[in-house]
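Peer 1: After the structure tokens below, expect a handful of questions from me.
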Amino acid sequence: MKSRMIKHLAVYLLTLNSLTAFGAIAQQQLSKSELIEKYTHEPTKEELRRALQAPVTSNSDFNGKAADWRPAPEISDYKFVLLSSEAGFSEAANLRYSIAQNLPEGVKLVLLVSNSNAEQVKRTYSQYISPDRLILAKDTGIEGGFWARDSFPYPVVNGQGQLSLVGAKYYRTFRSSPAVASSLGLNMTRPGFTFVGGNLMADDNGVCFTIDSYRRFTTTDNDLINSYGCKSVHVLRKYSGIGDVDEVVKVLSTNLILTNTPEYVNDFKSWGYNVVMLPAVPNSYRTYVNSLVVGKTVFMPTYGISTDAQAKKVYEDLGYKVVGIPSNTLSDDMHGSVHCQTMAYPAISEQQLMDALGLEKIQ
């Protein structure tokens, strides 16, 4: 384990040292170094150092009943989509507005806001979604939540359909996990290890997938089993991207998987899955797999290239409506896209949601 982490760390540091300039967002007031620190999807050297010092073993067992819980499947009956209100450049803002405007009926948008930007967020988003479907979750420390999939607590469910949350340590400062959990009226367990939600995905049976990259940090298979309730864990080799499973795998059901990586196909088939290929964009961080599926709507990254139409057809042939979200800057410079910036939770009661710590419903 230690030698593998050293190898991943060496590769990561080479990547970090070769980050390109954020030319597409040069008009922003932040300097290049500030933009890298604030919006890059990868940890800094110091953040990585701290993450690797986190405990190797889990301190979480759902009150001794971990076996009763499973990670919420990638395709769940989502009723809430969560986003940070932070949007420091145009594509990030457009992603948020596109999701707000196209969420299926019955699904609400929860935006994490600070006291200073709550009123502006309320005015802006009222143009895109009806007030009764827009909820502001206020907290004083929303910084670090831009990549919601990594930073927000991860949903887990039991056989009775009850929902709980797992708030593993994030590699950068993010203090709002307890507020999110409280706002949803849910329990949250806090394992001691560092992990990111983008590197965990589950099917309907609780079978989990993760990429063997530095973004596992010190997490072991047993940590995922004991803390998230994974029935079993398939660890996939890293071939592209920064090393998160949501860049290369989309689990659509108990036996159907989408991927853009041909090297995985034989393994998936040997594990009993049918495989559908999405087009890959070679030598880049661009990926059509990094989508958000809510009901029968897919929010899919687009790049203004010919493979956009091919990827759209794959989803449409499976019965989905596709909402394209331009992601050139997101993918090229920020190393992520739609799935990375969103978190989604299954149904809970409205009263639980409204009794939140610092939660406010838009009127």
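Peer 1: Residue check, Gly272 against (1) at pLDDT 95 or above; (2) assigned to a loop (DSSP other than H, G, I, E, B); (3) closer than 30 Å to Leu52 by Cα; (4) not acidic (Asp, Glu), all met but one. Which one?
Peer 2: Tallying (1) at pLDDT 95 or above; (2) assigned to a loop (DSSP other than H, G, I, E, B); (3) closer than 30 Å to Leu52 by Cα; (4) not acidic (Asp, Glu), Gly272 fails exactly one: (3).
Peer 1: On to the next question. For region 174-194, which positions are in a loop (DSSP other than H, G, I, E, B) and of a type outside the set (A, V, I, L, M)?
Peer 2: Those that are in a loop (DSSP other than H, G, I, E, B) and of a type outside the set (A, V, I, L, M): Phe174, Arg175, Ser176, Gly185, Asn187, Arg190, Pro191, Gly192, Phe193.
Peer 1: Which residues, taken from region 202-218, are aliphatic (A, V, I, L, M), out of contact with any Gly (no Cβ under 8 Å at 6 or more places or on another chain) and crowded, with 24+ Cβ neighbours inside 10 Å?
Peer 2: Ala202
Peer 1: What helices (runs of 4 or more DSSP H), lying completely within region 1-104, carry at least 2 residues that are modelled with pLDDT of 55 or more and farther than 28 Å from Lys321 by Cβ?
Peer 2: By residue number, 32-39, 45-52.
Peer 1: Output yes when any residue across region 193-201 is closer than 25 Å to Val338 by Cα and free of Cβ contacts under 8 Å to residues at least 40 places away in the same chain, and no when none is.
Peer 2: Yes: region 193-201 contains one or more residues that are closer than 25 Å to Val338 by Cα and free of Cβ contacts under 8 Å to residues at least 40 places away in the same chain.
Peer 1: Only one of (1) surrounded by 13 or more Cβ atoms within 10 Å (Cβ to Cβ); (2) at pLDDT 90 or above is not met by Asp139, so which one is it?
Peer 2: (2)
Peer 1: Are there any pairs with C-beta distances below 6 angstrom linking a residue in region 284-298 that is touching a residue at least 24 places away in the same chain (Cβ under 8 Å) to a residue that is of a type in the set (Ser, Thr, Tyr) and assigned to a loop (DSSP other than H, G, I, E, B), with the two at least 6 apart or on different chains, and if so which?
Peer 2: The qualifying pairs are Arg286/Tyr303; Asn290/Ser337; Leu292/Thr342; Lys296/Tyr320; Val298/Ser291; Val298/Tyr320.
Peer 1: Also, quick follow-up: Which residues, counting only those in region 217-230, are assigned to a helix (DSSP H, G or I) and more than 16 Å from Val157 (Cα to Cα)?
Peer 2: Listed by number, the residues that qualify are Asp221, Asn222, Asp223.
Peer 1: Now a separate question. Can you tell me which residue in region 68-113 is farthest from Asp139 (Cα to Cα), limited to those that are without any contact (Cβ under 8 Å) to a residue 12 or more places away in the chain and hydrophobic (A, V, I, L, M, F, W, C)? If you could, list the steps in order and put the result at the bottom.
Peer 2: So in region 68-113, the residues without any contact (Cβ under 8 Å) to a residue 12 or more places away in the chain come out as 87, 93, 105.
If we keep only those that are hydrophobic (A, V, I, L, M, F, W, C) as well, we get 87, 93.
Details: Ala87: 17, Ala93: 20 Å.
Only one residue tops the list, namely Ala93.
Peer 1: Mind checking which residues of region 232-290 are surrounded by fewer than 18 Cβ atoms within 10 Å (Cβ to Cβ) and small (Gly, Ala, Ser)?
Peer 2: If the condition is that a residue be surrounded by fewer than 18 Cβ atoms within 10 Å (Cβ to Cβ) and small (Gly, Ala, Ser), then Ser232, Ser253, Ser270, Gly272, Ser284 are the ones that fit.
Peer 1: Kindly indicate whether Asp204 is in contact with a strand residue (DSSP E or B) (Cβ under 7 Å, 6 or more places away or on another chain) and of a type in the set (Asp, Glu).
Peer 2: Working: in contact with a strand residue (DSSP E or B) (Cβ under 7 Å, 6 or more places away or on another chain): no; of a type in the set (Asp, Glu): yes.
So Asp204 does not fit the description; no.
Peer 1: Turning to a different aspect of this structure: With the requirement that a residue be more than 21 Å from Asp204 (Cβ to Cβ) and of a type outside the set (Gly, Ala, Ser), what does region 228-243 give you?
Peer 2: Arg237, Lys238, Tyr239, Ile242
Peer 1: Determine whether region 144-152 contains at least one residue that is in contact (Cβ under 8 Å) with a residue 12 or more places away in the chain, over 29 Å from Ile225 (Cα atoms) and of a type in the set (Lys, Arg). Walk me through how you get there before you give the answer.
Peer 2: From region 144-152, those in contact (Cβ under 8 Å) with a residue 12 or more places away in the chain are 144-152; that's our starting set.
Applying the additional criterion that residues be over 29 Å from Ile225 (Cα atoms) yields none.
Within region 144-152, not a single residue is in contact (Cβ under 8 Å) with a residue 12 or more places away in the chain, over 29 Å from Ile225 (Cα atoms) and of a type in the set (Lys, Arg).
Peer 1: While we're here: For region 199-216, how many residues meet the condition of being part of a loop (DSSP other than H, G, I, E, B) and among the aliphatic types (A, V, I, L, M)?
Peer 2: Counting residues in region 199-216 that are part of a loop (DSSP other than H, G, I, E, B) and among the aliphatic types (A, V, I, L, M) gives 1.
Peer 1: Does Asp246 count as under 27 Å from Gln101 (Cβ atoms) and among the charged types (D, E, K, R)?
Peer 2: Answer is yes for this residue.
Peer 1: Of all residues in region 295-352, how many are small (Gly, Ala, Ser), assigned to a loop (DSSP other than H, G, I, E, B) and surrounded by fewer than 20 Cβ atoms within 10 Å (Cβ to Cβ)?
Peer 2: Number of matching residues: 6.
Peer 1: Another question about this same structure. Output the number of residues of region 165-201 satisfying the condition of being over 16 Å from the mean Cα position of the chain (by Cα) and surrounded by 22 or more Cβ atoms within 10 Å (Cβ to Cβ).
Peer 2: Within region 165-201, residues that are over 16 Å from the mean Cα position of the chain (by Cα) and surrounded by 22 or more Cβ atoms within 10 Å (Cβ to Cβ) number 6.
Peer 1: With the checklist (1) of a type outside the set (D, E, K, R); (2) in a loop (DSSP other than H, G, I, E, B); (3) under 16 Å from Gly198 (Cβ atoms) in hand, flag the one item Val233 doesn't pass.
Peer 2: So Val233 meets the others, but not (2).
Peer 1: Shifting gears a bit: In region 145-173, what residues are outside any strand (DSSP E or B), polar (S, T, N, Q) and either closer than 18 Å to Ala347 by Cα or in contact with a strand residue (DSSP E or B) (Cβ under 9 Å, 6 or more places away or on another chain) (or both)? Write out each step before concluding.
Peer 2: The initial filter retains those residues of region 145-173 that are outside any strand (DSSP E or B), namely 145-153, 159-162, 167-168, 170-173.
Adding the requirement that they be polar (S, T, N, Q) leaves 151, 160, 162, 173.
Passing the criteria: Ser151, Gln160, Gln162.
The values are calculated or read from the model by the stated rules, or taken from the named source; none is laboratory data. On a predicted model such as this, the values are computed, not experimentally measured, just so you know. For neighbour counting, all protein chains shown are included, and Cβ atoms are generated from backbone atoms with ideal geometry for every residue, glycine included.
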